Amino acid sequence: MEKQPGKQAATEPPDSGAGGGEGEPPQVAGAQAARPEDRLTLLLRLRAQTKQQLLEYKSMVDATEEKTPEQILQDKQIEAKIEDLENEIEEVKVAFEMKKLALDRMQLSTALKKNLEKNNPRTSVLMDNMKHVLKLNKLIMKSHQESWDLEEKLLDVRKKRLQLKQASESKLLEIQTEKNKQKDDLAVMENSDKMKTIQQNLQMEIQITTVIQHVFQNLILGSKANWAEDPAFKEIVLQLEKNLTMI
Amino acid sequence: MSVLRPLDKQPGLNTATILLVGTEDALLQQLADSMLKEDCASELKVHLARSLPLPSNVNRPRIDLIMFVVNLHSKYSLRNVEESLRHVDATFFLGKVGFLATGAGRESHCSVHRSTVVRLARTYRSPLLFCDPEVDGFRAPVAQRLVRMLQICAGHVPGVSALNLLSLLRSSENPTLEDL
């Protein structure tokens, strides 16, 4: 790019009216002495600049046409609104970039297509590259498929394990309910009336037998017979001593 | 005129004007010299001012970029900048205003905390640059950045506008500052 000499600096004191020191004519006049190519470059650059500046002014005019809300908003609301607007700008920019990318890709593919049609398609390096790319893509797809199958198998195994777990859970639950039922039945039976009457009868029999035992004991003691000498007699007496409630 | 408005004058052909506002004249002069030394295809004009409002009787070209220079070593410069901000129209802040903080390297001399300037820049939604002009190596890159920003704000770069640049320069929000 051509160098533009003649850049200037100027100071502006806030109080005194002495103005800054600018005033050199713009360097466009100086470029007339340059070669025609430089002039062309300069003109093109000026054209781009003017276009951009025109765009800025236009967008400013459009912006001022929009109505601004008249009510006085709180600080936080203003900040939130500003952030929303900034996010909108970002989204628009991103969308624009994506569209540009897609457009570039389409242009590239058509240019590539035209190039291929023009050149000899068999011998170019491009064809080799493309064949390589296709081979790699096939490999990728195959490995994708394989990994997909393995994942399916894994999923099946996991499902089966889950089913087994559920089945074992239900079985254990059944066992537990059966046990509880048995316990309940036992308790019911123990508390039933039949058991009570049987127990009462048993108690009475035990008491009657105990009384009879005592009676025999007292008879033998009262008869003053020597029961320690005869072993059969001794056994009988000792048996009478047995406490029946402990059986 | 007491309020600076962007786009109120016609742009000069191939000209870009930057206004540096700050209390330290030597610093501004240094920055201006570094900027003018930069290689740039368009013609640059640098205006220096200690504070706004600018005197209205001077015929000056359209101002494309305003940089407010805050010296972190003096609270006066911060206050000066804050007062000058009132004389700038709101439409200027759509990318044509920037803050430049100097003196952040010497932490012991800083009477203005870094976060104050950061908050100021965030309130006005403008980019904040840091510069240490005493170190020679820092001046040239900062001048380069300023020249590039100026070119974009003046419309000399096709396809990029000041607003575009603003959203590009927006740094990600620091979460610790948000909690304050």
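The values are calculated or read from the model by the stated rules, or taken from the named source; none is laboratory data. These numbers were taken from a predicted model, which means no experiment stands behind them. Reconstructed Cβ throughout: ideal geometry from the backbone, glycine too, with neighbour counts over all protein chains shown. Surface areas here come from the heavy atoms of the whole protein model, side chains and all, with no ligands, DNA or RNA. Shrake-Rupley method; radii C 1.70, N 1.55, O 1.52, S 1.80 Å.
Label positions at A:Leu162 and A:Asp128, each projected 7 Å from the Cα along the C-beta direction, are separated by 5.2 nm. Accessible surface of A:Met246, taken over heavy atoms with a 1.4 Å probe and every protein chain present, rounds to 150 Å². In the full protein context, the protein assembly as shown carries 70 Å² of accessible surface per residue, based on a 1.4 Å probe and ignoring ligands, DNA and RNA.
Counting only DSSP H runs of at least 4 residues, each contributing -39500 (n - 2.57), and dividing by the residue count of chain B, the helix-based mean residue ellipticity at 222 nm comes to -10500 deg cm²/dmol.
Given a 1.4 Å probe and no ligands, DNA or RNA in the count, how much accessible surface is buried by B and A, both sides, to the nearest 100 Å²? Rounded to the nearest hundred, the buried surface is 3500 Å². When the Gaussian network model of chain B links Cα atoms closer than 10 Å, the mean-square fluctuations of B:Ala26, B:Ala143, B:Ala162 top out at B:Ala26. Within region B:1-29, the residues that become at least 50 Å² less accessible when every protein chain is included than when their own chain is isolated (1.4 Å probe; DNA, RNA and ligands ignored) are B:Leu7, B:Leu13, B:Asn14. Take each residue in A:40-50, count the other chain C-beta atoms within 10 Å of its C-beta, and the mean is 3.
Can you grab the distance from the C-alpha centre of region A:190-228 to the C-alpha centre of region B:54-131, Å, no decimals? Answer, in whole Å: 116.
When the solvent-accessible area of region A:182-239 is split by element, carbon and sulfur atoms take up 61 percent of it, the probe being 1.4 Å.
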